[in-house]
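In what follows, a structure is listed as structure tokens, so that the remarks can point back to it.
The values are calculated or read from the model by the stated rules, or taken from the named source; none is laboratory data. Predicted, not measured: the structure shown is a model, and the values here were computed from it. We place every Cβ from the backbone using ideal geometry, glycine too, and count neighbours over all the protein chains shown.
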Amino acid sequence: VTDELEIGVGGMTCANCSARVERALNRLPGVVEAGVNLATERATVRFIPAMIGPDDIARTIEETGYEPRPLD
Ligand code: 9UX
């Protein structure tokens, strides 16, 4: 079973920023696939809910140096 989270990411200025966030998310155990769109300032993350959750994903974005912004 997998779930998908879409979350805003603030503070990204160039394509290296989005690549950093993408790499950090894809390294997390339980993340199946993560993509980060610089233009829309959003990350789309498919994950295994038994292993990881939205809070962990948001924390990783923050620890990478950017600002997680939960969407409505
Ligand atoms: Mo680009 Mo982002 O040189 O911190 S990597 S602005």
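Out of curiosity, is residue 32 among the hydrophobic types (A, V, I, L, M, F, W, C), under 10 Å from the mean Cα position of the chain (by Cα) and on the phi < 0 side of the Ramachandran plot? Judged against the criteria, residue 32 is not a match. Against the conditions (1) modelled with pLDDT of 95 or more; (2) in contact with a strand residue (DSSP E or B) (Cβ under 7 Å, 6 or more places away or on another chain); (3) surrounded by fewer than 17 Cβ atoms within 10 Å (Cβ to Cβ), residue 70 satisfies every one except (1).
Scanning region 55-68 for residues that are touching a helix residue (DSSP H, G or I) at 6+ places or on another chain (Cβ under 7 Å) and in a loop (DSSP other than H, G, I, E, B) yields 64, 66. Are any of the residues in region 4-18 among the polar types (S, T, N, Q) and surrounded by 14 or more Cβ atoms within 10 Å (Cβ to Cβ)? Yes, region 4-18 contains a residue that is among the polar types (S, T, N, Q) and surrounded by 14 or more Cβ atoms within 10 Å (Cβ to Cβ). Here is a check on your reading of the model: is residue 52 of a type in the set (A, V, I, L, M), under 10 Å from the mean Cα position of the chain (by Cα), away from the ligand (no atom under 16 Å from the Cβ) and not in a helix (DSSP H, G or I)? No; evaluated as a whole, the condition is false for this residue. Candidates are the residues of region 1-46 that are of a type in the set (Gly, Ala, Ser), touching a strand residue (DSSP E or B) at 6+ places or on another chain (Cβ under 6 Å) and touching a residue at least 40 places away in the same chain (Cβ under 8 Å); the one that is nearest to the ligand (Cβ to nearest atom) is 11. Is it true that some residue in region 22-32 is part of a helix (DSSP H, G or I), buried (at least 16 other Cβ atoms within 10 Å of the Cβ) and of a type in the set (D, E, K, R)? Yes.
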